[in-house]
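The values are calculated or read from the model by the stated rules, or taken from the named source; none is laboratory data. Just so you know, these numbers come straight off a predicted model, no measurement behind them. Every residue, glycine as well, gets a Cβ built from its backbone with ideal geometry; the counts of neighbours run over all protein chains shown.
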């Protein structure tokens with residue numbers, strides 16, 4: 001007879017031995033529900049909420065009515081400090097054969113506009129950052145639900161032997177809501193996002209095995225031998241198995257990650273394309289180049305986070321939008337365009353879905369400081385109508401879809417809810433959002449809950 005502590009100890013060691021018997025075994029990818037257009041997703045998450053009427057959804061009416069009051073009562077969001085109309089300080093031009101209008105903030109992305117499907121009618125359920133971040137990532141405004149990347153990892157498995165299926169690239173800022181934005185929730189822990197931070201050692205506690213490989217291997221062999229005698233005494237425990245899988249992956253990543261981060265085999269032209277030596281573009285340029293290398297190696301879902309730039313609060317400009325949006329755009333525009341062009345030149349854009357956007361958009365009203373100077377104005381949060389764009393695998397090229405009203409406040413045509421976005425992303429990966437479920441708390445849970453429709457109109 002064992003007491004509880006002895007039981008847990010022996011069971012854990014037993015499963016450890018089972019895993020270590022085949023430390024280098026790789027998880028086989030799973031079959032999708034039907035033929036997929038996309039093999040992987042790159043999510044360019046613009047933390048804070050970029051302004052739609054200053055980026056990809058021009059609103060001439062705002063300039064006409066600049067300084068006037070809105071002709072309707074705006075809904076409550078977060079601050080609602082002012083109902084004074086704020087015309088965009090940025091110029092728009094039409095680009096490409098599609099003639100899609102793009103703000104002066106994004107001259108490089110504008111050169112790729114014929115690859116984009118610009119969705120101007122996004123709708124979300126939350127106007128506060130933390131809840132909105134959870135909602136955009138997991139389909140729920142509450143903490144503890146599996147993120148989109150975790151669901152993809154769960155549904156398809158990994159194509160990479162030595163890298164996790166879901167990677168998050170960070171260069172200075174974690175969104176409100178923290179690492180739970182990329183968590184696995186009630187799914188096994190092996191499906192959660194693995195955070196790569198900027199710097200020489202991007203993965204916590206992951207050290208190259210060269211310094212201690214000679215001593216590490218005998219220890220692992222001894223653990224395996226000691227546990228062989230108890231392997232058949234205990235049943236499966238998913239939490240333990242997930243932990244073991246994470247340790248296995250960490251072991252394999254020790255050799256894979258340093259090679260992944262070594263850009264010495266990239267041409268100078270490629271480095272220049274991404275701007276990885278530029279003052280403004282270096283951080284996000286490295287993220288975008290690394291994202292390309294990750295999908296090349298079979299990583300299913302890669303999320304890129306907005307870098308910290310000169311004290312700017314992400315894309316969350318409640319004041320000084322003119323300066324803040326310029327800085328954030330300058331640090332991301334060239335790398336994003338480089339990513340699209342590089343993926344296309346390598347034939348990877350045909351199988352990689354690229355998604356750009358924040359957790360919500362901004363209001364057409366000016367938030368004014370004590371001085372009342374509109375030159376320092378910002379915008380409040382707006383989940384009622386905002387812009388995201390998609391490019392790549394299975395998405396129509398060079399189109400705009402949906403529309404907001406003449407002030408850019410509300411989606412009024414072909415609304416695309418976040419649940420619809422999730423359903424569409426899963427569809428492109430060959431996954432039926434209604435069939436991708438996990439039994440938890442007596443329910444078959446899914447990313448889209450009981451909602452969501454695939455937006456077939458934007459699919460090629």
Within the range 387-400, can one find any residue that is modelled with pLDDT of 95 or more, farther than 24 Å from residue 39 by Cα and in a loop (DSSP other than H, G, I, E, B)? no
Restricting to the range 291-334, name every residue that is crowded, with 24+ Cβ neighbours inside 10 Å and within 30 Å of residue 157 (Cβ to Cβ). 291, 295, 299, 300, 301, 302, 303, 304, 305, 306
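Residues are listed down the side, and each one gets a yes or a no for (1) within 17 Å of the chain's Cα centre (by Cα); (2) more than 20 Å from residue 172 (Cα to Cα); (3) in a loop (DSSP other than H, G, I, E, B):
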| site | (1), (2), (3) |
| --- | --- |
| 270 | no, yes, no |
| 273 | no, yes, no |
| 276 | no, no, yes |
| 279 | no, no, yes |
| 289 | yes, no, no |
| 315 | yes, no, yes |
Just the residues that are crowded, with 21+ Cβ neighbours inside 10 Å, touching a helix residue (DSSP H, G or I) at 6+ places or on another chain (Cβ under 7 Å) and more than 15 Å from residue 383 (Cβ to Cβ), please, taken from the range 400-424. 422
Matching option when the condition is in contact (Cβ under 8 Å) with a residue 60 or more places away in the chain and out of contact with any helix residue (DSSP H, G or I) (no Cβ under 8 Å at 6 or more places or on another chain), among 127, 138: 127
Can you confirm whether residue 279 is at pLDDT below 95 and buried (at least 16 other Cβ atoms within 10 Å of the Cβ)? no
Members of the range 350-365 found to be crowded, with 24+ Cβ neighbours inside 10 Å and outside any strand (DSSP E or B), listed by number: 358, 359, 360, 363, 364
Selection count, the range 401-417, where residues are on the phi < 0 side of the Ramachandran plot and not in a strand (DSSP E or B): 6
If you go through the range 48-72 one residue at a time, how many are surrounded by fewer than 24 Cβ atoms within 10 Å (Cβ to Cβ) and assigned to a loop (DSSP other than H, G, I, E, B)? 9
Filtering the range 430-456 down to residues that are surrounded by 13 or more Cβ atoms within 10 Å (Cβ to Cβ) and in contact with a strand residue (DSSP E or B) (Cβ under 8 Å, 6 or more places away or on another chain) yields 437, 438, 445, 446, 451, 452, 455
Among the residues of the range 195-205, what is the count of those that are under 21 Å from residue 134 (Cβ atoms) and either modelled with pLDDT of 95 or more or part of a loop (DSSP other than H, G, I, E, B) (or both)? 0
